[in-house]
Amino acid sequence: MPFVNIRIYEGWGKERKDEIAKRVTGAITEVTGLPKEAVWVVIEEVKPADWYAAGRPGEPLKK
């Protein structure tokens, strides 16, 4: 069973996370032929200050 773990900045909201999970599930089922019930997607939200790139913490999202 495919397991997808997605880490994103916090603050995207339930609707956007639902859409991400739906599209990722669809892509995997399309390629593998597995039923959607076999695909697990976990979305972990990370505070920007806890997300480092090049040794520096991230900045809050500007939507």
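I need the phi-derived Karplus couplings for region 8-21: 6.51 cos²θ - 1.76 cosθ + 1.60, θ = phi - 60°, integer Hz, Gly and Pro marked x.
Those phi angles translate into 9, 4, 5, x, 7, x, 4, 4, 5, 5, 4, 5, 4, 4 Hz.
Please compute the contact order of region 3-57 in relative form: average sequence separation of alpha-carbon pairs under 8 Å and at least six residues apart, divided by the residue count, as a percent.
Here the relative contact order equals 52 percent.
Quick check on region 3-57: of the DSSP beta bridges with both residues there, what percent are antiparallel, nearest 5%?
20 percent
Take the Cα atoms of the chain, find their three principal axes, and give me the spread along each one in whole Å, biggest first.
For the chain, the Cα spread along each principal axis is 41, 24, 14 Å.
Just to be sure I understand: with springs between alpha-carbon atoms less than 10 Å apart, which residue in LYS22, LYS14, LYS36 has the highest mean-square fluctuation in the Gaussian network model of the chain?
LYS14
Taking H as built 1.01 Å from N, whose amide H comes closer than 5 Å to the amide H of ILE6, not counting residues under 5 places away?
For ILE6, the qualifying residues are VAL42, ILE43, GLU44.
Computed from the coordinates by the stated procedures, all read-outs in this text should not be read as laboratory data. Since we're looking at a predicted model, the values are computed, not measured.
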